[in-house]
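The values are calculated or read from the model by the stated rules, or taken from the named source; none is laboratory data. Only a predicted model underlies this, so the values are computations on that prediction, with no experimental measurement involved. Here the Cβ is made from the backbone with ideal geometry for all residues, glycine too, and neighbour counts use every protein chain on show. These area figures cover heavy atoms from the full protein model, side chains too; ligands, DNA and RNA do not enter into them. Shrake-Rupley method; radii C 1.70, N 1.55, O 1.52, S 1.80 Å.
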Amino acid sequence: MEYWEKRVEEALTRLETLKLLRSLRPIHLPNRNENSPSNLHQKFHFFDGPRKWDRASVEVSISETTFQKWLNDIPSSGDDNDVILENGNASDEAQQSDGKLRKLIVFSGNDYLGLSSHPTAALDYGMGPRGSALICGYTSYHRLLESSLADLKKKEDCLLCPTGFSANMAFMTAVANVGMLIAGRKPSNNDRVAIFSDALNHASIIDGIRLAERLGNVVAFVYRHCDMLHLDTLLSNCPMKKRVVVTDSLFSMDGDFAPMTELAKLRKKHGFLLVIDDAHATFVCGKSGGGAAEEFNCESDVDICIGTLSKAAGCHGGFIACSKKWKLLIQSRGRSFIFSTSSPLPVIAAAHAAVVVAKKETWRRIAVRKRVQEFRELTGIPVESHIISIVVGSEDKALQASRHLLQLGFHISAIRPPTVPPNSCRLRVTLSAVHTTDDLRSLIDALSQCINFKETEVFSTDSYSKL
């Protein structure tokens, strides 16, 4: 937006005057195994449907010891099988020690496209320079991934961060600096930045806003979950000109989408900066996997798109897709970016492979949509997305249902406070492109033994504020 671009430009001018503008200098590494950025696309292999290795992303095993402790809710620090791991091959030793391994089908992960087991991502690059991106950790491979993500999100540029959490933190602290940089001192009340946040936004957004508030340059307003009338009222009554609206695009615990079309209309009316955390929609939603903005045809209305590579990409890391000016500001003032070691090359290479594969293998997105439709038809529950939140109420009920599913071979965790409000505990079911129709039928049969679908609430209407 023109207003915000001018404010960011003013902030950048101030940083340059203070000699605080920071730069990224891509390091080119030796051509190891000919896997240079120019040759990466030649190494990729694409498939037109599921292969045997894809099942590794949803089929797992646990030892009998782990199973029994989990079933009986016995606390564990993860040391159930330390002796097994010390002795060598975990799977073989576990079978000898416990007699058998319990196979589980995972319906609780975030690997929506099943890309974590794709062979294209398994390339040998070495770890690369170990340092922050501003020192020596930024390579031509990092730049290649940034460019591919910017292209996916239809943005001018992109900044990689170690995690999605740090990406939100970096953006919020950078925003908090705008008013101060322009004024050259602590801004007056009306010169501060007003941030409007959905009541059910992710913890990383909330913590970022809290930190920005502590700096004294930001005022936070929380609007009721997806309530555009409430947001419109708050915006209309806000005297501050520098305004930011931030929301999850697809809410991780409720599985509902933000009202993207309505947000775009309000943006035109009030002229705010629209920021979305597209963690759970990126690669899954939209024709090319561009996320919620592509799905709802409003990519040009989203100013900043924050995302992660640890969900549908099946990898690790975070990113901020934005303009070049915003990137310069964030890399110069976003502390969680500045003071973190950049991601190692195997992670960057795998993430880049996932971006390319996710765009090319369109059958994965089609398969996810088909699983969502099948779940809707088989249960009668009007689910919106591949994240299905089945609210059961009390903590005991959620734990009991989770244990029942465990006994029947399904990995679905009970979601409890503080992640969700009291008495809105739930089973969070996530669907993957690698799940089959038979998997889904078996799961629904198991769920029907402990849940009445006709009386099931698919998401919580308790839009309490976590900020």
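See the values below:
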{"read-out": "Pick from region 304-352, criterion closer than 16 Å to Leu12 by Cβ and small (Gly, Ala, Ser), ranking: surrounded by the most Cβ atoms within 10 Å (Cβ to Cβ)", "value": "Gly334"}
{"read-out": "Residue match in region 143-152 (condition: open to solvent by less than 10 Å² (accessible area, probe 1.4 Å) and not in a helix (DSSP H, G or I))", "value": "no"}
{"read-out": "Criterion: charged (D, E, K, R), in contact with a Lys or Arg (Cβ under 9 Å, 6 or more places away or on another chain) and under 21 Å from Ser252 (Cα atoms) - qualifying residue of Asp191, Asp198, Asp157", "value": "Asp198"}
{"read-out": "Members of region 10-21 that are open to solvent by 90 Å² or more (accessible area, probe 1.4 Å) and not hydroxyl-bearing (Ser, Thr, Tyr)", "value": "Glu16, Lys19"}
{"read-out": "Those residues of region 211-230 which are in a strand (DSSP E or B) and either without any contact (Cβ under 8 Å) to a residue 12 or more places away in the chain or open to solvent by 40 Å² or more (accessible area, probe 1.4 Å) (or both), in sequence order", "value": "Phe221, Val222"}
{"read-out": "Failed item, numbered, when Ala398 is tested on (1) open to solvent by less than 10 Å² (accessible area, probe 1.4 Å); (2) in a helix (DSSP H, G or I); (3) out of contact with any Lys or Arg (no Cβ under 9 Å at 6 or more places or on another chain)", "value": "(3)"}
{"read-out": "Filter result for Leu266 (closer than 25 Å to Lys241 by Cβ, out of contact with any His (no Cβ under 6 Å at 6 or more places or on another chain) and open to solvent by 10 Å² or more (accessible area, probe 1.4 Å))", "value": "yes"}
{"read-out": "Sole exception among (1) at pLDDT 80 or above; (2) more than 32 Å from the chain's Cα centre (by Cα) for Lys100, by number", "value": "(1)"}
{"read-out": "Region 241-258, residues that are assigned to a loop (DSSP other than H, G, I, E, B), on the phi < 0 side of the Ramachandran plot and crowded, with 17+ Cβ neighbours inside 10 Å", "value": "Lys242, Ser249, Phe251, Ser252, Met253, Asp254, Asp256, Ala258"}
{"read-out": "Residues within region 153-171 that are assigned to a strand (DSSP E or B) and surrounded by 21 or more Cβ atoms within 10 Å (Cβ to Cβ), tallied", "value": "4"}
{"read-out": "Every residue from region 183-202 that is in contact with a helix residue (DSSP H, G or I) (Cβ under 8 Å, 6 or more places away or on another chain) and within 23 Å of Ile320 (Cα to Cα)", "value": "Arg192, Val193, Ile195, Phe196, Ser197, His202"}
{"read-out": "Selection status of Ser394, within 21 Å of Gly114 (Cα to Cα) and not acidic (Asp, Glu)", "value": "no"}
